[in-house]
Every structure is written in structure tokens, then in C-alpha cells.
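Heads up, the thing below is written out as C-alpha cells.
The values are calculated or read from the model by the stated rules, or taken from the named source; none is laboratory data. Just so you know, these numbers come straight off a predicted model, no measurement behind them. As a convention, Cβ positions derive from the backbone with ideal geometry for all residues, glycine included, and neighbour counts pool all protein chains shown. All accessible areas refer to the heavy atoms of the entire protein, side chains included, with ligands and DNA or RNA removed. Shrake-Rupley method; radii C 1.70, N 1.55, O 1.52, S 1.80 Å.
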Amino acid sequence: MITLHHIKASGNHYLMLDNRREKRATDEFSRLAQKIAQDFPNMKSFIVLEDSTEEATVKMTTFHRDGTECLLCGNGIRGVAHFLFDENPEKNVHQLIETRHATLHVQKIVDDISDHLYRVEISPMSLLMETLNREVESGTTFIEKRLKDITRKLRFTAIATPTPHLVTFVKETDGLSIAERQLIAEKLTQGNRYFPKGINVSFVKVDEDKLYVDTFETVAGHTFSCGTAMAASGLLYSLLYLREFGELIEVKSAGGTVFVRARQTPEGQYWVELQGEATLIEHIVYDESD
Ligand SMILES: N[C@H](CCC[C@H](N)C(=O)O)C(=O)O
């Protein structure tokens, strides 16, 4: 028997194991993710919390439904923040969460309207193709480029959040049908000539400085929302369109609304503040032998 904490953020459901208490062996996590996925068809990802080896409150590892690891989950990390602040309400300023690539700041936002609002750091973010595991000359970027074998209508920008994303800003005049969008997404998320391992892709529409993001992921497919994709879209909108950082951008998806503020460190490293809700739905006592 293990206890699973059911979290919802931006329309997605996550099941979380607090291994600080459960003490399962690390090499069981991937298999457990696949088993839980069979029993919970709505689960998007499986999250495991462990003691941090660094100065963070906890270490978070995220697994896709197929048991492979996801480098960072921008919605799930808000769920982890919610869990940690619930556990320790006096720590209401900020906490640190260790992830695969970086230790990230999370903060509870005290707000009159919502009691479940969290601001999380999405970092490091990079436009360098080598950070997307591509064998390319160091320093190469892929900004507003066409992928002629896939579609001639759109331009794409590649960004690591550190999960790999392609973002395209779609205009009414591009005349892109839903079926075409689906086909492009299928080609990109599966292995292709440009990205042999496949890549997450987001179609972004801009209306009065609000972004509407529709994301297709490599493992999860078409999703209500993807936190790192919304972060990537906000950062690229700031960089390529607004040409300034620091503005709070409203980002909408089928899973709801979040706010994104693009940032750059004095050394030039990009990162994002992602602000949105997360709720703890229930604690489930799970018997894996069933
Ligand atoms: N769903 C995650 C991103 C996972 C993307 C996944 N397809 C990968 O490349 O690991 C999020 O909310 O940020």
C-alpha cells in the first residue's frame, strides 16, 4: 500500500508519491509510473518527492505515463509547491525544489481571490540548439525558421525549458486548419528529420497581448496545457514581439489561465516566473497488487 496525492494544475491530473515517507527504491519509480498509469487513465504524469541532496526542501522527479523521465513539469511543480506549503504553512515566503537540471524557487502568492496560487521559477531556458541535445555547432539557434518538409505556412522557434519545445506564432492569415495543425503536430512530436527524437510543439495565437497556447507533447500528445510550453511561449513573445522583459503576460490554454513574466540574469541566462493555480484533490491509498 502506498499513498498517492492527487493534484490538479491547469487542467491536468498528477499523482504524487512522497518517498520521504514511503521509502521505495529509486529503480521502482519508472515501473510504478507505468502501473499507476494503467489504473488512472486521466493521470498525466507521476511525480516522486525525495529528500534533496542540496539545500532544497525536496527533490522532485517527474515520469511520463510510459515510465520515461520528464526533465521538468511546469504545472506539476506548482502542485508540489502546494503540497509543501500545505505541509509547512509557516514557510510562506518561498521554498526551493530540486529538479533534474536546477534547483528552483517556488512561492505561494497571497491573494484575496484564490488560496491556491503559486509562482514558480522555470529555468534554465535556452535558445541554444545544443541544449536540445542536438549535435550542432555550439552557439547555433533556431529562431523563426521554416521547416519546409513539414509545412510552408509557419515559422518555428526552438527552446529548451529545459524540456525541448518548438513554438510557432499563428496568424489568421496563415489559414491553418485544425486538421493541418494536427498533422504538423504529429510529424513534429514523433521523430522527424529535424528533431529525430520528436519535440513538443505549441501553436500560439496572440489577441490583445494575451497568448492562447495549444500544445502537443512528445509522450502525452495533445494536452489541456503544458506548463513549460506556456513559459516558453511567454518568453518568446517577450523576446521576439514585445522586445522587452518584465511584463506580466496572460497565457491561456484549454486548462485555464496562467501568467508568465520573462526574465534574464545579468549573465544573459533566460528564465521565467510562471504563476498559476494548483489544487490538492485527494489522498489515495493505492494497492499496486490489485
Ligand atoms: N508537461 C510538461 C512538459 C513535458 C514535456 C514532455 N513531452 C517532455 O518533453 O518531457 C510541463 O507541463 O511542463
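Limited to segment 264-290, what total is found for residues that are among the hydroxyl-bearing types (S, T, Y) and in contact (Cβ under 8 Å) with a residue 12 or more places away in the chain?
Residues of segment 264-290 that are among the hydroxyl-bearing types (S, T, Y), as a first pass: 265, 270, 279, 286, 289.
Imposing the further condition that a residue be in contact (Cβ under 8 Å) with a residue 12 or more places away in the chain reduces the set to 270, 279, 286.
Matching residues across segment 264-290 total 3.
F259: touching a helix residue (DSSP H, G or I) at 6+ places or on another chain (Cβ under 7 Å), within 16 Å of the ligand (Cβ to nearest atom) and either in a helix (DSSP H, G or I) or among the aromatic types (F, W, Y) (or both), yes or no?
Working: touching a helix residue (DSSP H, G or I) at 6+ places or on another chain (Cβ under 7 Å): no; within 16 Å of the ligand (Cβ to nearest atom): yes; either in a helix (DSSP H, G or I) or among the aromatic types (F, W, Y) (or both): yes.
Answer is no for this residue.
Within the option set G198, G234, G268, being of a type in the set (G, A, S), farther than 19 Å from H13 by Cβ and more than 15 Å from the ligand (Cβ to nearest atom) holds for one residue only, G268. Counting residues in segment 106-115 that are crowded, with 17+ Cβ neighbours inside 10 Å and within 16 Å of the ligand (Cβ to nearest atom) gives one or more.
With respect to the conditions (1) open to solvent by 10 Å² or more (accessible area, probe 1.4 Å); (2) within 13 Å of the chain's Cα centre (by Cα); (3) hydrophobic (A, V, I, L, M, F, W, C), L72 falls short on a single one, namely (1). One residue stands out in segment 168-216 among those that are open to solvent by less than 50 Å² (accessible area, probe 1.4 Å) and aromatic (F, W, Y): the one that is farthest from T157 (Cα to Cα), namely F216.
Taking segment 109-153 as the region of interest, how many residues are part of a strand (DSSP E or B), in contact (Cβ under 8 Å) with a residue 40 or more places away in the chain and of a type in the set (A, V, I, L, M)?
First, the residues of segment 109-153 that are part of a strand (DSSP E or B): 117-126, 128, 141, 145-147, 151-153.
Now drop any that are not in contact (Cβ under 8 Å) with a residue 40 or more places away in the chain, which leaves 117-126, 147.
In the following step, the residues that additionally are of a type in the set (A, V, I, L, M) were identified as 117, 120, 122, 125, 147.
Here the count works out to 5.
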